[in-house]
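Report on the structure given below.
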Amino acid sequence: MNKVTGEVDNNGFYGRFGGAYIPEMMYPNLKELENRYREITDSREFREEFTGLLRDYVGRPSPLYRAGRLSDYYNTNIFLKREDLNHTGAHKINNTVGQIILARHLGKKRIIAETGAGQHGVATATVCALTGTECVVYMGALDVARQQPNVERMKMLGATVVPVHSGNKTLKDATNEALRDWISNPCDTHYIIGSIVGPHPYPDIVTRFQSVISEEIKAQLEQHNGNPLPDAVIACVGGGSNAAGAFFHYLQHPEVELIAVEAAGHGVDSGESAATIALGRPGVLHGCLSVVMQDADGQITEPYSVSAGLDYPGIGPLFAHLHQKGRVNFQHATDREAMDAAFLLTQLEGIIPALESAHALAFLEKRKFTPDQTVVINLSGRGDKDMEAYLKYIKEHNGGKSHQ
Ligand SMILES: *Cc1c(COP(=O)(O)O)cnc(C)c1O
């Protein structure tokens, strides 16, 4: 096996995946970004500002918490990386803080973003308020109707939310609209993408900003255990940004098993799922070559998951590559398995996780780890936003299981 590093090559590829498959009219925007992002993000001035905001505004380092009762329950050692305690409640803010500083260094005065469930839209609107930057968020009209609280949050933060009425009126259509805006406004606008997807150099930019997660886990585990290397790191994957962040600094340590959990919805073979690696084939989506859920004609399949953040028909090209190399073990969990895992964590540890993160927790039911092993789970977000789904589940299942 060739050494796997997580680094993109000079042409914007991870092995055969990645690249920039874009309309010619978008070329100048991306070229400018590609030419300048490394020099900017590697500069001392950028690093100091980024580190300072992560510390004082986001609240980093996020704790690495040894979950005692959950560890007893599974008879192993489980640590939770508490991205749920970040400002705005998830890992997404790490990326938007990095990108707003990058935008300023590029001289851009206007920010656009796309959002599905609204989590990335809120994280973007937040850093725009912080810096007094104009913010336009594209959102499918159906999602605007489904995700009212996040729409109200974005508006309160000063963003303009533009409902998109084309196609299925969901995330894919919002992304197309944002790309159209960027083509029309190449000089003053920066497009903040929310996961490790899209054309080069976005997957690399977002991976670098999120890699602070595994940088911290290493130092924190060293303190706890006298050893920075756990036996396994487990994360959920939608586009892949929280998983990439949690895995990045472990990619070069083959003794650390990296486990990515996709959303299987009602079941991988039910026709209602979002398990891209399990079901997809190589294809181009949103400007990059990766693995994509598609029908026989290459049309994108509509994904489904109870958790809006995992409801995406593609995956970052880095993960298509890591899967092909066999470096990351891909698994999946159904809606129901994630729900049960969320209730278990809530009742044993007093932590209500995001439904997305609950997919990672669900893997503990599928694999027995031993009492001397150490497992890190990336708790990508908190569950406040998912209360409606949790309450519905309680009603349908007579109060859910009790683990008191
Ligand atoms: C958006 C989101 C995800 C999924 O996105 P990735 O890019 O795969 O990390 C996971 N967890 C939470 C809490 C999210 O908000």
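Things to note:
To keep it simple, each residue is scored yes or no on (1) within 13 Å of the ligand (Cβ to nearest atom); (2) out of contact with any His (no Cβ under 7 Å at 6 or more places or on another chain); (3) open to solvent by 50 Å² or more (accessible area, probe 1.4 Å).
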residue: A235; (1), (2), (3): yes, yes, no
residue: Q252; (1), (2), (3): no, yes, yes
residue: I259; (1), (2), (3): no, yes, no
residue: E302; (1), (2), (3): no, yes, yes
residue: S305; (1), (2), (3): yes, yes, no
residue: L310; (1), (2), (3): yes, no, no
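- Residue match in the stretch 208-229 (condition: within 16 Å of the ligand (Cβ to nearest atom), without any contact (Cβ under 8 Å) to a residue 60 or more places away in the chain and surrounded by 21 or more Cβ atoms within 10 Å (Cβ to Cβ)): yes
- Count of the stretch 312-353 residues which are within 15 Å of the ligand (Cβ to nearest atom) and in a strand (DSSP E or B): 7
- Screening G283 on (1) open to solvent by less than 40 Å² (accessible area, probe 1.4 Å); (2) at pLDDT 95 or above; (3) closer than 17 Å to A264 by Cα; (4) not in a helix (DSSP H, G or I) shows it passes everything except condition (3).
- Yes/no for K368 being at pLDDT below 95 and either of a type in the set (K, R) or more than 18 Å from A263 (Cβ to Cβ) (or both): no
- If you go through the stretch 357-385 and keep only what is open to solvent by less than 20 Å² (accessible area, probe 1.4 Å) and in a helix (DSSP H, G or I), you end up with S357, A358, H359, A360, L361, A362, F363, L364.
The values are calculated or read from the model by the stated rules, or taken from the named source; none is laboratory data. Since the model is a prediction, treat every value here as computed from it, not as a measurement. Here the Cβ is made from the backbone with ideal geometry for all residues, glycine too, and neighbour counts use every protein chain on show. Heavy atoms of the whole protein, side chains included, go into the accessibility calculation; ligands, DNA and RNA do not. Shrake-Rupley method; radii C 1.70, N 1.55, O 1.52, S 1.80 Å.
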